[in-house]
Amino acid sequence: MGRLRTEVMELEARVEKETARQLRENRNRVFAIRLAEHAQKEVDAVVAQAGDRGVRFDCKKGCAICCRLEVQVFPQESFRIARTLRGQPGLESLVTALAEHVQRHRGITDTRQRGFCPLLVDGSCSIYEQRPLACRKMVSLDVERCKQMGESVPSDPEMAFKADAVVSGTRKAYARLKLPIENHELIASVLLALTDPTAEERWWNGEDVFKTSALPPS
């Protein structure tokens, strides 16, 4: 446990230092949003390293069991996803689907009562390259246990600790710049990012724009 603890602490410190450096050197909101990719690649590397250690994950393409779970994301991740979706066809229909999903799931705490993520298309993630940290680190050792719809996914402990270190280091780096870095529910926050043209600028100016996650006026 001594080795793992050291590696986790070093990883968190490295991610915080590198992310903070890039934010200092590129002080604009567009860069701060794009930098979400940096942490996501770090988590991808952690998952790949687990595979190199011989860990065999049970997730397969087309498996969407965990896509019914509530996903919490950083603001920069929501904005990055919204920027990608804004350039795709069928945006109006997508916004309607996102709004319906948010409304339908208000107050629901039982995972088994949740519907699938509206960003799934034919059983596959339509934002796979931009998927948030929470989704990237949710790789299962046992899909059969996932089918029981518990609150957690069976995962490799070392991978989980290191992925959490990346998340923590990223949070600390954005907090240094006084940017709101609280997690918010994925679909509601992407919906707001898509429908409120002032959201990015207000976030950059220090406002937690996703705090209420309210639906836009009809």
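State whether one or more residues within segment 186-194 are farther than 15 Å from Phe74 by Cα and of a type outside the set (S, T, N, Q). There is at least one residue in segment 186-194 that is farther than 15 Å from Phe74 by Cα and of a type outside the set (S, T, N, Q).
Looking only at residues of segment 1-30 that are small (Gly, Ala, Ser) and within 16 Å of Lys162 (Cα to Cα), we find that the one that is modelled with the lowest pLDDT is Gly2. Among the criteria (1) within 30 Å of Val30 (Cβ to Cβ); (2) out of contact with any strand residue (DSSP E or B) (no Cβ under 7 Å at 6 or more places or on another chain); (3) in contact (Cβ under 8 Å) with a residue 60 or more places away in the chain; (4) surrounded by 15 or more Cβ atoms within 10 Å (Cβ to Cβ), the one Ile127 does not fulfil is (3).
Helices (runs of 4 or more DSSP H) fully within segment 134-217 that include at least 2 residues being touching a helix residue (DSSP H, G or I) at 6+ places or on another chain (Cβ under 6 Å): 157-176, 186-195, 199-204.
Those residues that are without any contact (Cβ under 8 Å) to a residue 60 or more places away in the chain, charged (D, E, K, R) and touching a Ser or Thr at 6+ places or on another chain (Cβ under 8 Å), I need them from segment 150-201; list them, please. Within segment 150-201, just Glu151 meets the criteria. Looking only at segment 62-99, residues that are among the basic types (Lys, Arg) and under 17 Å from Thr111 (Cα atoms) come to 1 in all. Each residue in segment 27-63 was checked for being within 17 Å of Ala175 (Cβ to Cβ) and part of a loop (DSSP other than H, G, I, E, B), and 2 of them qualify.
Only one of the numbered conditions (1) of a type in the set (Gly, Ala, Ser); (2) in contact with a helix residue (DSSP H, G or I) (Cβ under 7 Å, 6 or more places away or on another chain); (3) at pLDDT below 90 is violated by Gly87, and that is (2). Restricting to segment 80-92, and then to whatever is under 21 Å from Arg131 (Cβ atoms) and part of a helix (DSSP H, G or I), can you tell me which residue is farthest from the chain's Cα centre (by Cα)? Out of the qualifying residues, it is Leu91. A search for C-beta distances below 6 Å between a residue of segment 43-57 that is surrounded by 11 or more Cβ atoms within 10 Å (Cβ to Cβ) and any residue that is at pLDDT 95 or above and of a type in the set (Gly, Ala, Ser), counting only pairs 6+ apart in sequence or on different chains, returns Val43/Ala163; Val46/Ala163.
Take Val95 and tell me if it is within 30 Å of Arg21 (Cα to Cα) and surrounded by 15 or more Cβ atoms within 10 Å (Cβ to Cβ). So Val95 does not fit the description; no.
Here Cys66 meets each of (1) out of contact with any strand residue (DSSP E or B) (no Cβ under 9 Å at 6 or more places or on another chain); (2) buried (at least 16 other Cβ atoms within 10 Å of the Cβ); (3) within 29 Å of Ser168 (Cβ to Cβ); (4) modelled with pLDDT of 95 or more with one exception, condition (4).
The set of residues in segment 104-125 being of a type in the set (D, E, K, R) and modelled with pLDDT of 90 or more consists of Arg104 alone. Cβ-Cβ contacts under 8 Å between residues 6 or more apart (or on different chains), taken from a first residue in segment 17-41 that is touching a residue at least 12 places away in the same chain (Cβ under 8 Å) and of a type in the set (S, T, N, Q) to a second residue that is in a loop (DSSP other than H, G, I, E, B) and crowded, with 16+ Cβ neighbours inside 10 Å, are listed as Thr19/Leu35; Gln22/Leu35; Gln40/Arg131; Gln40/Pro132.
With respect to the conditions (1) more than 17 Å from the chain's Cα centre (by Cα); (2) surrounded by fewer than 19 Cβ atoms within 10 Å (Cβ to Cβ), His38 lacks only one, and its number is (1).
The values are calculated or read from the model by the stated rules, or taken from the named source; none is laboratory data. Note that this is a predicted model, so its numbers are computed, not measured. With ideal geometry, Cβ positions are generated from the backbone for all residues, glycine too; neighbour counts draw on all protein chains shown.
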